[in-house]
């Protein structure tokens, strides 16, 4: 068995290479009015790979990618992987010290940076001692243009074949505390993830137009949109900067068949549609992940656009999809579906840390996962890896239940649970109640320290345009919807939420901000 694994080869770069052979003249990526076919995209990636090879990049080298949702992200991503190197995508909104930290932590010596992001990317690279190559620069500047290097270099002939367990990507997780950790993704976990979700998990078809607003530097957009979309021969309609209005335009006027997003995107899209109604879209299928989707948002989306949102669950460490409301099985609103093929998702006791003790169906505990989709560990952090991986299971830190039909429901993040007067309060339940109010567009519920109750319940709220709701009215409404020990006493009306790389609301920042107040 060991020899068979050692002899087997696999590469994420095969996704684009093989599709270029099968769908050479199909459009792979559209950005604005610019189309790139599969054959063109692979040729351009091979040219970029030739340029990077000429600069000394080879197998196992780590190349950081600081590029927004434009075609060059795909060109560089597959070029790096085709060389047998490791891709290290960087969040496009990070500041220079954050970029420097990731480059140093991953021992990255080369950064490919989009010209508009050089203001933070170049100083970050300089601090880390990394060389910068630019893309999208209109003319030569302080950093060599990868386009010019590619024009002068010989393209690679084909991608390098790797061992299935070789590291393909290092994706930094935001985490809930401390500095981000680099999750090591293998070629096996990433390729098998794509194959499984396309076979019988998601309804994505050749020729589909897929909404490309999820950031490609993040695991959700990278796997479900970029890799899965190109593997099946779809057309990715990339959106460099997400806004509800821009997403609505793509949906209504450019024939989007498949919409992939996180809950905050769906909320923004619905608000844009309320302000500017338009033609019914051709939408066939919608996917949500990243964080829990309020049922009221799911219902409003169906009423507005006619399509059903299918919710799933996953993490960077699970490549990312672990459960989903599968094609061919009834979707159950409020659940994250059933485990994907070949992956086990169970519920374990939260109070036992050094072993996995599974709980009976229906009981609340921590979601634990094992299967082909798991990462290889955290870069340079053996203690964190050992804490997360116990008895072959990955501990997610999320609380949930699993019913007799294998449907899994998320209760909340283990670290987000609020303990008020000795009672457990799960923020998601309170958020669902708040969002049912027609003038509340979104809500984030969190706990702050309180000398009397241990923790007090707080809520940050965004309101529909023109709403006259105030904190007292919201507090009164909440008190009618949930038990007395659950409703938020502290109400903060905000215009926007702090968001993480995937669009997830960063509750830890809300805690810090409002604890000071």
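Of the residues that make up segment 270-283, is at least one at pLDDT 90 or above and within 21 Å of the chain's Cα centre (by Cα)?
Yes, some residue in segment 270-283 is at pLDDT 90 or above and within 21 Å of the chain's Cα centre (by Cα).
Got at least one residue in segment 476-484 being under 19 Å from residue 267 (Cβ atoms) and either at pLDDT 95 or above or surrounded by 17 or more Cβ atoms within 10 Å (Cβ to Cβ) (or both)?
Yes, that holds for at least one residue.
Does residue 447 qualify as being touching a strand residue (DSSP E or B) at 6+ places or on another chain (Cβ under 7 Å), surrounded by fewer than 19 Cβ atoms within 10 Å (Cβ to Cβ), within 22 Å of residue 364 (Cα to Cα) and modelled with pLDDT of 85 or more?
Considered against the rule, which asks whether it is touching a strand residue (DSSP E or B) at 6+ places or on another chain (Cβ under 7 Å), surrounded by fewer than 19 Cβ atoms within 10 Å (Cβ to Cβ), within 22 Å of residue 364 (Cα to Cα) and modelled with pLDDT of 85 or more, residue 447 comes out as no.
Could you list, in sequence order, the residues of segment 76-91 that are outside any strand (DSSP E or B) and touching a residue at least 40 places away in the same chain (Cβ under 8 Å)?
Once the filter is applied, which keeps residues that are outside any strand (DSSP E or B) and touching a residue at least 40 places away in the same chain (Cβ under 8 Å), segment 76-91 yields 76, 77, 78, 81, 82, 83, 84, 90, 91.
Which condition from (1) touching a helix residue (DSSP H, G or I) at 6+ places or on another chain (Cβ under 9 Å); (2) under 27 Å from residue 223 (Cα atoms); (3) at pLDDT below 95; (4) surrounded by fewer than 22 Cβ atoms within 10 Å (Cβ to Cβ) is the one that residue 432 breaks?
(2)
Of the conditions (1) farther than 17 Å from residue 375 by Cβ; (2) surrounded by 18 or more Cβ atoms within 10 Å (Cβ to Cβ); (3) out of contact with any helix residue (DSSP H, G or I) (no Cβ under 6 Å at 6 or more places or on another chain), residue 179 clears all except one; give me its number.
Every listed condition holds for residue 179 apart from (2).
If you go through segment 409-418 one residue at a time, do you hit one that is at pLDDT 95 or above and surrounded by fewer than 18 Cβ atoms within 10 Å (Cβ to Cβ)?
Checking segment 409-418: not a single residue is at pLDDT 95 or above and surrounded by fewer than 18 Cβ atoms within 10 Å (Cβ to Cβ).
Modelled with pLDDT of 95 or more and touching a strand residue (DSSP E or B) at 6+ places or on another chain (Cβ under 9 Å): which single residue out of 323, 335 fits that description?
323
Scan segment 110-119 for residues that are assigned to a strand (DSSP E or B) and surrounded by fewer than 22 Cβ atoms within 10 Å (Cβ to Cβ) and report the count.
Of the residues in that region, 1 qualify.
What number of residues in segment 483-511 are in contact (Cβ under 8 Å) with a residue 24 or more places away in the chain, over 15 Å from residue 456 (Cβ atoms) and in contact with a helix residue (DSSP H, G or I) (Cβ under 6 Å, 6 or more places away or on another chain)?
Going through segment 483-511 one residue at a time, the tally reaches 2.
From the set of residues in segment 350-361 that are at pLDDT 95 or above and assigned to a loop (DSSP other than H, G, I, E, B), which is nearest to the chain's Cα centre (by Cα)?
356
In the list 416, 398, which residue meets the criterion of being within 21 Å of the chain's Cα centre (by Cα) and closer than 19 Å to residue 352 by Cβ?
Selected residue: 398, the only one of 416, 398 that is within 21 Å of the chain's Cα centre (by Cα) and closer than 19 Å to residue 352 by Cβ.
Taking residue 401, is it at pLDDT 90 or above, under 20 Å from residue 343 (Cα atoms) and in contact with a strand residue (DSSP E or B) (Cβ under 7 Å, 6 or more places away or on another chain)?
For residue 401, the condition - at pLDDT 90 or above, under 20 Å from residue 343 (Cα atoms) and in contact with a strand residue (DSSP E or B) (Cβ under 7 Å, 6 or more places away or on another chain) - is met.
Go over the candidates 165, 199, 214 one by one and state the one that is in contact with a helix residue (DSSP H, G or I) (Cβ under 7 Å, 6 or more places away or on another chain), surrounded by fewer than 17 Cβ atoms within 10 Å (Cβ to Cβ) and in contact (Cβ under 8 Å) with a residue 60 or more places away in the chain.
Residue meeting the stated conditions: 165.
Looking at 136, 103, 83, 93, which is the one that is surrounded by 21 or more Cβ atoms within 10 Å (Cβ to Cβ), in the same structural domain as residue 164 (by TED's automatic domain parsing) and either out of contact with any strand residue (DSSP E or B) (no Cβ under 8 Å at 6 or more places or on another chain) or over 24 Å from residue 377 (Cα atoms) (or both)?
After ruling out the rest, the residue left standing is 83.
The values are calculated or read from the model by the stated rules, or taken from the named source; none is laboratory data. Being a predicted model, the structure only gives us computed values, none of them experimental. Note that we place each Cβ from the backbone using ideal geometry, even for glycine, and neighbour counts take in every protein chain shown.
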